[in-house]
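Trainee: I'd like to ask some things about the structure below.
The values are calculated or read from the model by the stated rules, or taken from the named source; none is laboratory data. Please read all numbers here as calculations on a predicted model, not as lab measurements. Heads up, the Cβs are rebuilt from the backbone with ideal geometry, glycines too, and the neighbour counts pull from every protein chain shown. Please note that ligands, DNA and RNA were not included when accessible areas were found on the heavy atoms of the full protein model with its side chains. Shrake-Rupley method; radii C 1.70, N 1.55, O 1.52, S 1.80 Å.
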Amino acid sequence: MRPLEGVKVVDLTSFLAAPTVARILGDWGADVIKIEPPIGDPGRTQASVFNMPYEDDENPAFDISNANKRFLCLNLKQERAKEIAWRILSTADVVVTSYRTKALERLGFSWEELHLRFPRLIFAQILGYGEQGPEKDTAGFDATAYVCRGGILGSTNERGETPINSVNGFGDFQASMCLVSGVCAALYGRTLSGQGDKVTVSLHHTALFMMSIAVTSAQYGNVYPKSRCEVANPFNNTYKTRDGRWMVICIPEYDRFFNKFMTLLGREDLVDSPEFCRIADVNLHGRNRDIIRIISEQVAKRSLDEMMQMLKQNDFAHEKGFTPDEILDDEQAWATDCLRNVEYITGNRRVLVTPPVNIGSMGPAQIRPSRRLGHDSQQILLEYGYSVEEIARLNADGAVIMPA
């Protein structure tokens, strides 16, 4: 049994962050009805931005956020379409939205309006910058509200080098998981209070939480971006191998393993070195650059495979910097069901990533590919008591859009 079986979710979302919330709730057993406008969710065509092809019958970029749903297309500018939405919402447990608050107010779908109509409904919203402050009505996307204002752009590059271009959706999906947790908490809270609740997550706040150590330590003079040549523990750092690959070595206990690591690197002459064997002295006297240079020189004499084999044999934590194409062939990712082959009705099989939460009694995650705009419109309306003739009239008047 999936833990959210019997829960109905209405999805009023677009792009990545908020629709991914509904995708995960659907994986956990909820019946998710995605209501799209006549032009559809812009996420249906974002694959071109992500360097992927897209079509109605095979759209893996859209499925990242929209698997496990049924698809209804309504023109909510028409009153009859709104009446359909009200009827569906009257049976729903959760509504998830990424619409900005002013847009929801214009449509009559604000938290206040919905809570008045449906007191048990849980309202879940992804925002750019939160509900207060000068930016509360500002458009916010992953690249702006999360990566830039959240401090990632100004912190994660090598000091003095150009900033990174973050992977698309990097912050979106973190905000998604935060809102999923909030929805589940609100569902449990409703069993105690009998009332629905309002749950909001902003991209900006999510980024700040993920940056907690950097933000908190800044008030004590900890400055970002940093240089790999000055890190506080040279045994926790990035190094480049002879074949041009970057890797991370992570040996937190510097003093304990200094002699062993120097011996492995071929620098036995530094065993018990008074200059370098104690990390407190290294930091006190500013010798970080010197020992990092020594380690870099030794690592650069070895290939990536040689370094990884040596570190593995000595139980020192390390990893190469995987590229996305290498992830597709990662044995560990496949062994733990992080990656899944999804078969489309085109006959093609594409790899998608499964959600990161494993619920033991539920079994494997499910990925039901998305379908074309309005694919389930007729079936859903029939379930809600509309006759075939009524549906045809609604379609002819443009209140409901049916697939061609």
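Trainee: I need every pair where a residue in region 113-141 that is among the acidic types (Asp, Glu) has its Cβ under 6 Å from the Cβ of a residue that is surrounded by 14 or more Cβ atoms within 10 Å (Cβ to Cβ), sequence separation at least 6 or different chains.
Mentor: Glu135/Tyr129
Trainee: Another question, if that's okay. Please find, among Gly133, Gly194, Gly171, Gly189, the residue that is at pLDDT 95 or above and open to solvent by less than 20 Å² (accessible area, probe 1.4 Å). Lay out the reasoning, then the answer.
Mentor: Values: Gly133 fails: open to solvent by less than 20 Å² (accessible area, probe 1.4 Å); Gly194 fails: open to solvent by less than 20 Å² (accessible area, probe 1.4 Å); Gly189 fails: open to solvent by less than 20 Å² (accessible area, probe 1.4 Å).
Checking each option against the conditions leaves just Gly171.
Trainee: Follow-up. Among (1) open to solvent by less than 60 Å² (accessible area, probe 1.4 Å); (2) in the same structural domain as Asn66 (by the TED database); (3) modelled with pLDDT under 95; (4) not acidic (Asp, Glu), there is one condition Asn165 misses while meeting the rest; what is its number?
Mentor: If we test Asn165 against (1) open to solvent by less than 60 Å² (accessible area, probe 1.4 Å); (2) in the same structural domain as Asn66 (by the TED database); (3) modelled with pLDDT under 95; (4) not acidic (Asp, Glu), just (1) comes out false.
Trainee: In a loop (DSSP other than H, G, I, E, B) and either touching a residue at least 60 places away in the same chain (Cβ under 8 Å) or over 30 Å from Ala61 (Cβ atoms) (or both): which single residue out of Arg289, Arg350, Arg368 fits that description?
Mentor: None of the others qualify; the one that does is Arg368.
Trainee: Are there any pairs, at least 6 apart or on different chains, whose C-beta atoms fall under 9 Å, with the first in region 144-159 and touching a residue at least 12 places away in the same chain (Cβ under 8 Å) and not assigned by the TED database to the domain that holds Ala175 and the second outside any helix (DSSP H, G or I) and open to solvent by less than 20 Å² (accessible area, probe 1.4 Å), and if so, which?
Mentor: Close Cβ pairs satisfying both conditions: none exist.
Trainee: Do the conditions hold for Ser65, that is, is it part of a loop (DSSP other than H, G, I, E, B), touching a Gly at 6+ places or on another chain (Cβ under 7 Å) and either under 22 Å from Ser176 (Cβ atoms) or open to solvent by 40 Å² or more (accessible area, probe 1.4 Å) (or both)?
Mentor: Spelling it out, it is not the case that Ser65 is part of a loop (DSSP other than H, G, I, E, B), touching a Gly at 6+ places or on another chain (Cβ under 7 Å) and either under 22 Å from Ser176 (Cβ atoms) or open to solvent by 40 Å² or more (accessible area, probe 1.4 Å) (or both).
Trainee: If a residue has to be assigned to a helix (DSSP H, G or I) and over 13 Å from Ala81 (Cα atoms) to count, how many in region 381-391 make the cut? Spell out how you get there, then give the answer.
Mentor: Step one: filter region 381-391 for residues assigned to a helix (DSSP H, G or I), giving 381-383, 388-391.
Add one more test, that the residue is over 13 Å from Ala81 (Cα atoms), and what stays is 382-383, 388-389.
The qualifying residues number 4.
Trainee: Oh, and also: How about region 324-336: which of its residues are open to solvent by less than 50 Å² (accessible area, probe 1.4 Å) and either in contact (Cβ under 8 Å) with a residue 24 or more places away in the chain or in a loop (DSSP other than H, G, I, E, B) (or both)?
Mentor: Start the filter on region 324-336 by keeping residues that are open to solvent by less than 50 Å² (accessible area, probe 1.4 Å), which leaves 326, 330, 333.
Residue satisfying the conditions is Asp330 alone.
Trainee: Mind checking whether some residue in region 232-254 is in a helix (DSSP H, G or I) and not acidic (Asp, Glu)? Step through it out loud before you land on a result.
Mentor: Within region 232-254, the first condition is being in a helix (DSSP H, G or I), and the residues that meet it are 254.
Then keep just the ones that are not acidic (Asp, Glu); that gives 254.
Checked region 232-254: at least one residue is in a helix (DSSP H, G or I) and not acidic (Asp, Glu).
Trainee: Something else: Output the residues belonging to region 136-153 that are in a loop (DSSP other than H, G, I, E, B), aliphatic (A, V, I, L, M) and open to solvent by less than 50 Å² (accessible area, probe 1.4 Å).
Mentor: Answer for region 136-153, where residues must be in a loop (DSSP other than H, G, I, E, B), aliphatic (A, V, I, L, M) and open to solvent by less than 50 Å² (accessible area, probe 1.4 Å): Ala139, Ile152.
Trainee: Any residue at all in region 361-383 that's open to solvent by 50 Å² or more (accessible area, probe 1.4 Å), acidic (Asp, Glu) and out of contact with any strand residue (DSSP E or B) (no Cβ under 6 Å at 6 or more places or on another chain)?
Mentor: Checked against the condition, which is being open to solvent by 50 Å² or more (accessible area, probe 1.4 Å), acidic (Asp, Glu) and out of contact with any strand residue (DSSP E or B) (no Cβ under 6 Å at 6 or more places or on another chain), region 361-383 yields at least one hit.
Trainee: Considering only residues that are in contact (Cβ under 8 Å) with a residue 12 or more places away in the chain and open to solvent by less than 70 Å² (accessible area, probe 1.4 Å), which ones fall in region 212-237?
Mentor: In the first step, residues of region 212-237 are kept if they are in contact (Cβ under 8 Å) with a residue 12 or more places away in the chain; the result is 214-215, 224-237.
Answer for region 212-237, where residues must be in contact (Cβ under 8 Å) with a residue 12 or more places away in the chain and open to solvent by less than 70 Å² (accessible area, probe 1.4 Å): Ala214, Pro225, Ser227, Arg228, Cys229, Val231, Ala232, Asn233, Pro234, Phe235, Asn236, Asn237.
Trainee: Tally the residues that are out of contact with any Asp or Glu (no Cβ under 7 Å at 6 or more places or on another chain), open to solvent by less than 10 Å² (accessible area, probe 1.4 Å) and assigned to a strand (DSSP E or B), restricting the search to region 17-38.
Mentor: Residues in region 17-38 being out of contact with any Asp or Glu (no Cβ under 7 Å at 6 or more places or on another chain), open to solvent by less than 10 Å² (accessible area, probe 1.4 Å) and assigned to a strand (DSSP E or B): 1 in total.
Trainee: Would you confirm whether or not region 191-204 contains a residue that is under 30 Å from Val49 (Cβ atoms), assigned by the TED database to the domain that holds Arg100 and assigned to a helix (DSSP H, G or I)?
Mentor: Scanning region 191-204 turns up at least one residue that is under 30 Å from Val49 (Cβ atoms), assigned by the TED database to the domain that holds Arg100 and assigned to a helix (DSSP H, G or I).
Trainee: Can you find a residue that is at pLDDT below 95 and open to solvent by less than 10 Å² (accessible area, probe 1.4 Å) anywhere in region 45-54?
Mentor: Looking for residues that are at pLDDT below 95 and open to solvent by less than 10 Å² (accessible area, probe 1.4 Å), one finds at least one in region 45-54, hence yes.
Trainee: Here is a further query. Hey, can you tell me all the residues within region 292-317 that are in contact (Cβ under 8 Å) with a residue 40 or more places away in the chain and either in a loop (DSSP other than H, G, I, E, B) or on the phi > 0 side of the Ramachandran plot (or both)?
Mentor: If the condition is that a residue be in contact (Cβ under 8 Å) with a residue 40 or more places away in the chain and either in a loop (DSSP other than H, G, I, E, B) or on the phi > 0 side of the Ramachandran plot (or both), then Ala300, Lys301, Arg302, Ser303, Asn314, Phe316 are the ones that fit.
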